[in-house]
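Read through the structure below, which is laid out as structure tokens, and then see the notes.
The values are calculated or read from the model by the stated rules, or taken from the named source; none is laboratory data. Keep in mind that this is a model prediction, so the values were computed, not measured. Don't worry about glycine lacking a Cβ; one is built from the backbone with ideal geometry, like all the others, and counts go over all protein chains shown.
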Amino acid sequence: MQVEKATSPTELSTNQNLGSSTDNSSSEVTEKLNPAISTVANLRPPITTHVLDVTLGRPGSGIDVALHWWTQTSPSAEKMSDGDENGFWVPLGKSVTNNDGRAGPLMPTSNKIQPGIYRLTFNTGTYLTRTNSSVNQKEGVSGGFYPYVMIVFEVKPSQVSEHFHVPVLLSPYSFSTYRGS
């Protein structure tokens, strides 16, 4: 399969007509973003994540996670998540963290990823309300200060063969992230 190289999200969506018709399925959009899809068992999705609850000292299980990709070309209304005059977030996948705090696949397995800007969104408020951590109990607070954690990062053209693991360290009043391995 010959793959057209894109140097930016704008070029990709223009050259490959991403999301221009209302009958594109979510998998078709994902395949256009990730043309090197393979069923080889040892491959993993190019973007993965997990959550650790640093207050309780355990994995953050049962947290909804969504992955989006930024494009400057308007996708069909049903595919568009949100946006502004400069572009739109196209949903790529959703998952829920397991008992180890790891999200399931947010995109198909592949040995390449399209360059561009990606966003991981974690529904942390629901999790923090459910776990009702000891910090919350002391202060009589339900949930935490951050109802959602959104991490926006960029995959450069020189990084298309790399894996991006983006963990979250979470507590009711703070979070941090880093590029893991």
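Taking the criterion of being surrounded by fewer than 15 Cβ atoms within 10 Å (Cβ to Cβ) and either modelled with pLDDT of 95 or more or polar (S, T, N, Q) (or both), the only residue of the range 77-91 that qualifies is ASN86.
Residues in the range 49-61: is at least one under 12 Å from the mean Cα position of the chain (by Cα) and at pLDDT 95 or above?
yes
All of PRO105, PRO115 fail the test of being modelled with pLDDT of 95 or more and surrounded by fewer than 18 Cβ atoms within 10 Å (Cβ to Cβ), apart from PRO105.
Please count how many residues of the range 92-102 are part of a loop (DSSP other than H, G, I, E, B) and surrounded by 20 or more Cβ atoms within 10 Å (Cβ to Cβ). The total comes to 2. Residues that are modelled with pLDDT of 95 or more and more than 15 Å from ILE47 (Cα to Cα) were ranked within the range 158-173; the one that is surrounded by the most Cβ atoms within 10 Å (Cβ to Cβ) is LEU170.
Each row is one residue, and each column tells you yes or no for (1) surrounded by fewer than 18 Cβ atoms within 10 Å (Cβ to Cβ); (2) of a type outside the set (Lys, Arg); (3) modelled with pLDDT of 95 or more; (4) more than 12 Å from VAL54 (Cβ to Cβ).
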residue: THR129; (1), (2), (3), (4): yes, yes, no, yes
residue: VAL135; (1), (2), (3), (4): yes, yes, no, no
residue: GLU139; (1), (2), (3), (4): yes, yes, no, yes
residue: TYR148; (1), (2), (3), (4): yes, yes, yes, yes
residue: GLU154; (1), (2), (3), (4): yes, yes, yes, yes
residue: GLY180; (1), (2), (3), (4): yes, yes, no, yes
